[in-house]
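Reviewing the structure listed below.
The values are calculated or read from the model by the stated rules, or taken from the named source; none is laboratory data. A quick note: this is a predicted structure, and the numbers were derived from the prediction, not measured. Positions of Cβ are generated from backbone atoms using ideal geometry, with glycine treated the same way; all protein chains shown enter the neighbour counts. All accessible areas refer to the heavy atoms of the entire protein, side chains included, with ligands and DNA or RNA removed. Shrake-Rupley method; radii C 1.70, N 1.55, O 1.52, S 1.80 Å.
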Amino acid sequence: MNEFMMGTQVQRIHSFLEEVIIQLEEYLNSVTIHTLLKEKPGDRVYYEGLFSNLRRLVVYCEEGLDASASVLQHDSFKMYLAEKVLYKIYHKCIIEYYSPRYNLWFEDLRTSYPEESVIRFRQEPPDCFAELLRNVEGDFHGAREDLAEFETEYRHRRLSSKG
């Protein structure tokens, strides 16, 4: 990938992170455990875990946003830095969305309908939480498609340079 393409990739991922952070933070700033329990009485510990996973995802996305902004603001484009940042964003943000800590939700690869969410929950969450993940799912899917091929090539180059 040449510098122009890599710069475009970093800019797209930066925009994705900005948009996703806004949605996740808006949710976290307006919904509480009590709101969830009121909407759907259920397992409080599970709901707390959902929030914990969401906060963790926001932190990773904010770190990725800061790192991508740093790459974009350099006077001269640093290809090695851009690659490293995109690799970390893929592994920290994208993977965390599809397979979060504590496994309170997961990606169901057997989903056969394009309009159906690939995210499945271990327990039934309140509708507002499930809706939030559905709302950002398309963004995460697009970012994963953008980064998956790059990540494979980058990892292969790193492994072959060590061997």
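Rounded to the nearest Å, what's the spacing between the alpha carbon centres of the stretch 145-163 and the stretch 1-69? Just the number, please. Spelled out, the Cα-based centre of one part sits 25 Å from the other.
Maximal additional length on extending the TYR102-GLN23 stretch stands at 26.2 nm, based on 0.36 nm per residue less the C-alpha distance.
Between ARG12 and LYS40, the contour length at 0.36 nm per residue exceeds the alpha carbon distance by 6.4 nm.
In straight-distance terms, cross-link reach from LYS78 covers every one of the lysines whose alpha-carbon lies under 17 Å from its own, apart from those fewer than eight places away in the same chain; here that gives LYS88. Only one residue of TYR80, ALA67, SER161 has its Cα farthest out toward the positive end of the dipole of the chain, where Lys and Arg carry +1 and Asp and Glu -1 on Cβ, and that residue is SER161.
Ranked by solvent-accessible area (1.4 Å probe, protein heavy atoms only, all chains present), the residues ILE89, ILE33 order from largest to smallest as ILE33, ILE89. Sorted largest first by accessible area at a 1.4 angstrom probe radius, with every protein chain in place, the residues ARG158, ARG12 fall in the order ARG12, ARG158. Taking the 0 to 90 degree range and rounding to the nearest ten, how far is the long axis of helix 3-30 tilted relative to the main principal axis of the chain, both from C-alpha atoms? Between the helix axis and the principal axis of the chain, the angle is about 20 degrees. Overall, the anisotropy analysis places the stretch 72-133 in the prolate class: the square-rooted eigenvalues a ≥ b ≥ c of its C-alpha gyration tensor yield a/c not less than 1.5, with a/b exceeding b/c.
Which part of the stretch 91-124 falls in the paramagnetic zone of ARG155, meaning amide N under 20 Å from the point 7 Å along Cα-to-beta-carbon? Counting only backbone N, you get 91-103, 106-110.
The residues of the chain expose, per residue, 58 Å² of accessible area to a 1.4 Å probe. Counting only aspartates and glutamates at least 8 places from LYS40 when in the same chain, those with an alpha carbon closer than 13 Å to its own are GLU124, ASP127.
All alpha carbon pair distances within the chain were sorted into 5 Å bins beginning at 0; the resulting P(r) in whole percents reads 1, 8, 17, 20, 17, 14, 10, 6, 4, 2, 1, 0. Residue order by solvent-accessible surface for ASP108, ASP66, ASP43 is ASP66, ASP43, ASP108, largest first, with ligands and nucleic acids left out and a 1.4 Å probe. Considering only protein heavy atoms and a 1.4 Å probe, what is the carbon-and-sulfur percentage of the accessible area of the stretch 1-67? Looking at the stretch 1-67 in its full context, I get 55 percent from C and S. Output the 0 to 90 degree angle, nearest 10, between the alpha-carbon long axis of helix 44-73 and the longest principal axis computed from the alpha carbons of the chain. Helix 44-73 and the main axis of the chain meet at about 20 degrees.
Based on DSSP H segments of at least four residues, each scored -39500 (n - 2.57), the chain has a per-residue ellipticity at 222 nm of -24500 deg cm²/dmol.
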